[in-house]
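Take a look at the structure below.
Every read-out reported here was derived from the displayed coordinates using simple, explicitly stated rules and does not represent laboratory data. For clarity, every value in this text was computed on a predicted model and none was experimentally measured. We place every Cβ from the backbone using ideal geometry, glycine too, and count neighbours over all the protein chains shown.
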Amino acid sequence: MVKAVACGAAIRGFESPRSPSKIRTQDYLTFNFELTSLNKTFCNVLTKTIQEEKKTPTDSSIGSYWITTFGCQMNKADSERMAGTLEKMGYSKAIDEFKADLVLYNTCTIRDSAQQKVYSFLGKQIKRKHSLPNLKLVVAGCLAQQEGESLLRRVPELDLIMGPQHVNNLENLLERVDSGNQVVATEETFISEDITNARRDSSICGWVNIIYGCNERCSYCVVPSVRGKEQSRYPDAIRSEIQTLANNNYKEITLLGQNIDAYGRDLPGSTKEGRKKNTLTDLLYFIHDIDGIRRIRFSTSHPKYFSKRLIKACYELDKVCEHFHIPFQSGNDEILRLMARGYTIDKYKKIIENIRILMPNASITADAIVAFPGETENQYKDTLKLISDIGFDQVMTAAYSPRPNTPAAIWNNQIAESVKKERLKEINELVENTSRKRNQRYLNNIESVLIEGLNPKNTSQIMGRTRTNRLTFIEIPKNTEFKYEFGDEINVKINEARSFSLSGQICN
Ligand code: SAM
Ligand code: SF4
């Protein structure tokens, strides 16, 4: 660890012995940078540290914790790892957010609404902190990365602000908090192999990060600036994590990455045909034989890189489920060009066609954005048309939200809020209808469902997912002869198909 002061305008991280109620932004600050190949901006000028008395650590450093996760699956996977670290440190899970000794918000900033939600949650904890000064408040994730030090100015009650690249370093960061510092950890860093055991929410299905960050530059998206450059994990480390999950009776794994098709681009080695040695396709073959794991999923796919080789692998490998989440974002080529997505609608349709040639029943889900700057009524209608043409199983929709440090946010052809609302409402209705129609194909089918647990809203039912990722509710048979365990795959005859879920009965 080297102490250095950041050069240039972007202050990426600091640690400040705190004065209880105010932040001293005028002082020199001490910056802690981990020296890695990824740290581009630092200079070796030692700085004056703030001379203040340090807070004495108290017994309250070990107590109960609460984590609220906002946003995507990667955030959920990060939260599980942070929960694992906290439990290893001696914290126990609190039963109530408002009774916890440490509250951690793992945040999202993909849209402004996600960001505002975090501030509203924080408001309530800040009130608590005024009467409970030993309460530890941590903001992790993408909002933490985006706002960094300025978040401390807005919320001086915070103890720790940490970007997604620092998840594996939580224990160390909290030790610095316990020494009386307010800590901001947002510098770009090499994500070391995970040494903590995640405290996973499910004991059946496990998430496995295979690539962090994103090197794309979609003109609307904040992810590259908050999650940093692509960093692929080595295949051996991934296999070993999956093996551990299998040893612990996990049955399903989902490989995660913001752009999962980019997996391996940054790893060494090429084949004699000239392609990268460790692609997502190669990884699927490499992990497929792990005993005990019955289902393999992956997300999120990018149409620019989705290959025929990958489709063939998914077809050939029994455990790889027939569900593909491939966001198209817009149904219009000109909007796709402005979004800097790097594919056309023809190419997108070709991918779906190729999937359906080999796996006609595969479910296809996607993300779409309406009211991107300058989107005309006709261009928007192209998105509706694509949804009907493809017949998606599900589409996650959003109205465009301008994000900091993204090109499209400063274009002068933003769409009015009223139009955004209308388009979102209309597209959601279409998605719901399309999904309902599409789900009718399951009626009277016998589907293999992996049982994940009881339906929390109706405990006379168990619930699980089909291979195509359809949530399915199953009435528990009254006869006591039927024995099952969570994690079993059972055959279910589907008797009801709604837009977002199915119901059925066990068949022997
Ligand atoms: N990597 C994925 C891809 O290439 O499509 C998407 C990951 S992003 C975390 C999840 C979704 O958020 C995107 O697919 C997009 O639909 C939505 N999204 C991202 N930025 C947005 C913005 N500025 N406004 C509205 N929706 C946005
Ligand atoms: Fe964002 Fe584009 Fe990267 Fe997806 S591929 S995370 S949309 S920049």
### Task
Search the structure for amide H atoms under 5 Å from the amide H of Trp207, placed 1.01 Å from N in the peptide plane, and list their residues when 5 or more places away or on another chain.
Thr254
### Query
What is the pair-distance distribution P(r) of the stretch 178-272, computed from all Cα-Cα distances in 10 Å bins starting at 0, with each bin given as a whole percent?
13, 37, 31, 17, 1, 0
### Query
Can you give the helix-only mean residue ellipticity at 222 nm for the chain, where every DSSP H stretch with n ≥ 4 adds -39500 (n - 2.57) and the sum goes over all residues, rounded to the nearest 500 deg cm²/dmol?
-9000 deg cm²/dmol
### Summary
Projected onto the charge dipole of the chain (unit charges on the beta-carbon of Lys, Arg, Asp and Glu, signs +1, +1, -1, -1), the Cα from Val370, Ile355, Ser179 with the largest positive-side position is that of Val370
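Taking the DSSP beta bridges in the stretch 367-480 as the whole, what percent of them are antiparallel, to the nearest 5? Spell out each step's value before the answer.
On the way: 11 of 15 bridges.
DSSP beta bridges in the stretch 367-480 are roughly 75 percent antiparallel.
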### Message
Could you list Phe473, Phe482 so that the one with the fewest beta carbons within 10 Å of its beta carbon is first and the one with the most is last?
### Response
Phe482, Phe473
### Query
Where does each of 350-358, 294-302 land if you order them by average Cβ count within 10 Å, highest first?
294-302, 350-358
### the stretch 331-433 - charge dipole about Cα centre, Lys and Arg +1 at Cβ, Asp and Glu -1, debye rounded to 20
260
#### Entry: Sequence of Ile161, Ile326 once ranked by neighbouring C-beta atoms within 10 Å, starting from the fewest
Ile326, Ile161
### Summary
Scalar couplings 3J(HN,Hα) for the stretch 113-129 by Karplus 6.51 cos²θ - 1.76 cosθ + 1.60 (θ = phi - 60°), nearest whole Hz, x for Gly and Pro, are 4, 5, 5, 5, 4, 4, 4, 5, 4, 4, x, 5, 6, 5, 4, 4, 5
### Task
Report the label-to-label distance for Lys493 and Ala409 in nanometres (one decimal), using points 7 Å from each Cα along the Cα→Cβ vector.
5.5
### Query
Hey, what does the equivalent ellipsoid look like for the chain, semi-axes from the Cα gyration tensor as sqrt of 5 times each eigenvalue, largest first, whole Å?
39, 28, 24
### Label-point separation in nm, Thr459 to Ser418, each point 7 Å along Cα→Cβ
5.0
### Query
Once all Cα-Cα distances of the stretch 116-160 are split into 5 Å bins that start at 0, what whole-number percent is in each one?
5, 22, 36, 25, 10, 2
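Would you mind working out the magnitude of the charge dipole of the chain relative to its Cα centre, with +1 at each Lys and Arg C-beta and -1 at each Asp and Glu C-beta, to the nearest 20 Debye?
620
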### Task
For Asn445 and Arg154, calculate 0.36 nm times their separation in residues minus their Cα-Cα distance, and state this gained length in nm to one decimal.
99.3 nm
### Query
Can you give me the Cα centroid spacing of the stretch 441-508 and the stretch 205-232 in angstrom?
34
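Evaluate the charge dipole of the stretch 433-508 about its Cα centre and quote only its size in Debye, nearest 20, assuming +1 on the Cβ of each Lys and Arg and -1 on the Cβ of each Asp and Glu.
Taking the Cα centre of the stretch 433-508 as origin, the dipole is about 520 debye.
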### Message
Taking the beta-carbon count within 10 Å as an exposure proxy, list His323, His288 from fewest neighbours to most.
### Response
His288, His323
